[in-house]
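Peer 1: Sharing a structure here in structure tokens format.
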Amino acid sequence: MSNKIALLPGDGVGPEIMAEAEKLLGALQQGQGLDIEIEKAEIGGAAIDATGVPLPDSTLALAQAADAVLLGAVGGPRWDDIERERRPERALLALRSELGLFANLRPALLYPELADASALRRELVAGLDLLIVRELTGGIYFGEPRGIDKDASGQRRGYNTMVYSESEIERIARQAFISARRRYGHLCSVDKANVLEVSQLWREVVASVHADYPDVVLSHMYVDNAAMQLVRDPRQFDVIVTGNLFGDILSDCAAMLTGSIGMLPSASLDSTGKGMYEPVHGSAPDIAGEGLANPLAAILSVAMMLRHTLDEGTLADRIERAVGLVLSEGFRTSDIAGTYRAISTVEMGDAVVAAMDRVPA
Ligand code: NAD
């Protein structure tokens, strides 16, 4: 039975980069017999313009019925004055919670050809290939009680609650062990167990889940040290698993190591392997409509979708190698051009599709 893909281009550069992702999927359908059905829907600002809300019921229903969601980006200055609850970005939060997407996977992969774009020296980052697995639907961002009130003296105080249940920790740990098993077999769990009880439980549960994945080497690290190690020696990491808050911060830090936001894909998975796949970057309104956007984050998101939801790991590997090939041949969009001649969004998409035939099966 064919897999159903909900394609949600969104706003700004979203439709431009998603057109390239769709072109690649079309080529895989034709050339590799990939059995998928693609259906498109509006989300974000485009959906507000069409229907008045950022996540129309029909889009949510399509996403729920699909095996995977491929999303461009949402938001832009046109919708910045709308009240908070109806802003384009609300659609993403709603989708994540409606689809139960608790595991956020953010690879930070630095193609050797782009090592000079990194915030760190080439010799520290060339060949960097790490994956951050961030818990996405729990922890301090969702914990209760939360709020701002007044204490007995009348002074205002703000508070949030960092809370994780054993089952929440266990399911993200399992996802991370599986990811480590698919990669180089090392998992580092990041917490603050020297100060926080919630982290002590985190550490205990991750260690007990390890019994089911004895082939994976597990280590633990405090988050302050992890932040330091990410900029000191990032290549020591394979997979990092951590909670929502720490993962939010560390994954942005890891993103900077790779230099270009136009290169970074992400996946958000539920407990059945269904997922939403999207570039890390936003709608880039400053370059939208000009054919300047780098489509590689979107194309690498397709690779993640093939690997994690469609069980097409070999095709995913080929896409990633095709991206490496076009970079080694000097194809560059303007964000990564440096001294190279910059090509357009469409030309980069064409180059990757053409390179698929040149990488070994
Ligand atoms: P952004 O990621 O859109 O852009 C930051 C910078 O990176 C810009 O200079 C942009 O031109 C550049 N850039 C981004 N993607 C690129 C690509 N593929 N190729 C080349 N250059 C690229 O972040 P921002 O400017 O802070 O946000 C713009 C809008 O996007 C806002 O409305 C924000 O809320 C929204 N946003 C959406 C998402 C999402 O949909 N997941 C994520 C972040 C921001």
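The values are calculated or read from the model by the stated rules, or taken from the named source; none is laboratory data. These numbers come from a predicted model, not from an experiment. Don't worry about glycine lacking a Cβ; one is built from the backbone with ideal geometry, like all the others, and counts go over all protein chains shown. Ligands, DNA and RNA are stripped out before the accessible areas are found, and what is left, the full protein with its side chains, is counted by its heavy atoms. Shrake-Rupley method; radii C 1.70, N 1.55, O 1.52, S 1.80 Å.
Peer 1: Please determine whether any residue of the range 130-147 is modelled with pLDDT under 95, closer than 21 Å to F331 by Cα and open to solvent by 80 Å² or more (accessible area, probe 1.4 Å).
Peer 2: Checked against the condition, which is being modelled with pLDDT under 95, closer than 21 Å to F331 by Cα and open to solvent by 80 Å² or more (accessible area, probe 1.4 Å), the range 130-147 yields no hits at all.
Peer 1: Just checking, which of A255, A180, A173, A267 is out of contact with any Asp or Glu (no Cβ under 9 Å at 6 or more places or on another chain), closer than 30 Å to A117 by Cβ, surrounded by 16 or more Cβ atoms within 10 Å (Cβ to Cβ) and of a type in the set (G, A, S)? It would help to see each step written out before you state the result.
Peer 2: Working: A180 fails: out of contact with any Asp or Glu (no Cβ under 9 Å at 6 or more places or on another chain); A173 fails: closer than 30 Å to A117 by Cβ; A267 fails: out of contact with any Asp or Glu (no Cβ under 9 Å at 6 or more places or on another chain).
Exactly one residue qualifies, and that residue is A255.
Peer 1: Could you go through the range 71-85 and let me know if any residue there is assigned to a strand (DSSP E or B), under 26 Å from M1 (Cα atoms) and more than 16 Å from the ligand (Cβ to nearest atom).
Peer 2: no
Peer 1: Evaluate the range 88-102: report whether one residue or more is touching a Gly at 6+ places or on another chain (Cβ under 8 Å), under 30 Å from R183 (Cα atoms) and among the small types (G, A, S).
Peer 2: Taking every residue of the range 88-102 in turn, none turns out to be touching a Gly at 6+ places or on another chain (Cβ under 8 Å), under 30 Å from R183 (Cα atoms) and among the small types (G, A, S).
Peer 1: Tell me, yes or no, whether the range 301-319 has at least one residue that is within 28 Å of G75 (Cβ to Cβ), open to solvent by 50 Å² or more (accessible area, probe 1.4 Å) and away from the ligand (no atom under 13 Å from the Cβ).
Peer 2: Yes, the range 301-319 contains a residue that is within 28 Å of G75 (Cβ to Cβ), open to solvent by 50 Å² or more (accessible area, probe 1.4 Å) and away from the ligand (no atom under 13 Å from the Cβ).
Peer 1: Continuing with this model, one more query. For the range 134-148, indicate whether the set of residues that are within 20 Å of H281 (Cβ to Cβ) and in contact (Cβ under 8 Å) with a residue 24 or more places away in the chain is non-empty. It would help to see each step written out before you state the result.
Peer 2: Just the residues of the range 134-148 that are within 20 Å of H281 (Cβ to Cβ), to begin with: 134, 136.
Next cut, in contact (Cβ under 8 Å) with a residue 24 or more places away in the chain only: 134, 136.
Yes, the range 134-148 contains a residue that is within 20 Å of H281 (Cβ to Cβ) and in contact (Cβ under 8 Å) with a residue 24 or more places away in the chain.
Peer 1: Does R96 count as at negative phi, open to solvent by 30 Å² or more (accessible area, probe 1.4 Å), assigned by TED's automatic domain parsing to the domain that holds V302 and touching a strand residue (DSSP E or B) at 6+ places or on another chain (Cβ under 9 Å)?
Peer 2: Numbers: at negative phi: yes; open to solvent by 30 Å² or more (accessible area, probe 1.4 Å): yes; assigned by TED's automatic domain parsing to the domain that holds V302: yes; touching a strand residue (DSSP E or B) at 6+ places or on another chain (Cβ under 9 Å): yes.
Answer is yes for this residue.
Peer 1: Please work out if T339 is within 21 Å of the chain's Cα centre (by Cα) and assigned by TED's automatic domain parsing to the domain that holds W79.
Peer 2: So T339 does not fit the description; no.
Peer 1: Being closer than 29 Å to S271 by Cβ, out of contact with any Lys or Arg (no Cβ under 6 Å at 6 or more places or on another chain) and within 11 Å of the ligand (Cβ to nearest atom) narrows it down to one of I36, I43, I5, so name that one. If you could, list the steps in order and put the result at the bottom.
Peer 2: Numbers: I36 fails: within 11 Å of the ligand (Cβ to nearest atom); I5 fails: within 11 Å of the ligand (Cβ to nearest atom).
Exactly one of I36, I43, I5 is closer than 29 Å to S271 by Cβ, out of contact with any Lys or Arg (no Cβ under 6 Å at 6 or more places or on another chain) and within 11 Å of the ligand (Cβ to nearest atom), namely I43.
Peer 1: Okay, next question. Residues that are in contact with a Gly (Cβ under 8 Å, 6 or more places away or on another chain): find the helices (runs of 4 or more DSSP H) completely inside the range 265-361 holding 3 or more of those.
Peer 2: The qualifying helices (runs of 4 or more DSSP H) are 296-308, 345-356.
Peer 1: Going residue by residue through the range 101-114, is there one that turns out to be within 11 Å of the ligand (Cβ to nearest atom) and either buried (at least 17 other Cβ atoms within 10 Å of the Cβ) or part of a loop (DSSP other than H, G, I, E, B) (or both)?
Peer 2: The answer is no; no qualifying residue exists.
Peer 1: Among all residue pairs at least 6 apart or on different chains, which show Cβ distances below 8 Å where the first residue, located in the range 84-101, is over 16 Å from G282 (Cβ atoms) and the second is within 13 Å of the ligand (Cβ to nearest atom) and in a helix (DSSP H, G or I)?
Peer 2: Short answer, once both residue conditions are applied: R84/R90; R86/I48; L101/L95.
Peer 1: Here are some residues: A355, A297. Which one is open to solvent by less than 10 Å² (accessible area, probe 1.4 Å), farther than 16 Å from I5 by Cα, more than 16 Å from the ligand (Cβ to nearest atom) and not polar (S, T, N, Q)?
Peer 2: Numbers: A297 fails: more than 16 Å from the ligand (Cβ to nearest atom).
Result of the check over A355, A297: A355.
Peer 1: Determine the pairs where a residue that is assigned to a loop (DSSP other than H, G, I, E, B), located within the range 18-44, has a partner that is away from the ligand (no atom under 16 Å from the Cβ) and of a type outside the set (D, E) with Cβ atoms under 6 Å apart, the partner being 6 or more residues away or on another chain.
Peer 2: Going by the 6 Å Cβ cut-off, the qualifying pairs are L34/L28; D35/S2; A41/L62; E42/A50.
Peer 1: Hey, another quick one. Applying the selection to the range 16-33, what residues are open to solvent by 10 Å² or more (accessible area, probe 1.4 Å) and within 16 Å of the ligand (Cβ to nearest atom)? Break it down into steps so the answer makes sense when it comes.
Peer 2: Filtering the range 16-33 down to residues open to solvent by 10 Å² or more (accessible area, probe 1.4 Å) leaves 16, 19, 22-23, 26-27, 29-33.
Correct list: E16, A19, E22, K23.
Peer 1: What's the total number of residues in the range 19-45 that are over 14 Å from E312 (Cα atoms) and either of a type in the set (F, W, Y) or touching a helix residue (DSSP H, G or I) at 6+ places or on another chain (Cβ under 8 Å) (or both)? Break it down stepwise before answering.
Peer 2: We begin by selecting, within the range 19-45, every residue over 14 Å from E312 (Cα atoms); these are 19-24, 26-27, 30-31, 37-45.
Subset that is either of a type in the set (F, W, Y) or touching a helix residue (DSSP H, G or I) at 6+ places or on another chain (Cβ under 8 Å) (or both): 19-21, 23-24, 27, 31, 38-39, 41-45.
Adding up the residues that qualify gives 14.
Peer 1: Let me ask you something else. Mind listing just one residue for me: the one in the range 241-252 that is within 13 Å of the ligand (Cβ to nearest atom) and open to solvent by 10 Å² or more (accessible area, probe 1.4 Å) and, of those, farthest from L230 (Cα to Cα)?
Peer 2: In this case the residue turns out to be D248.
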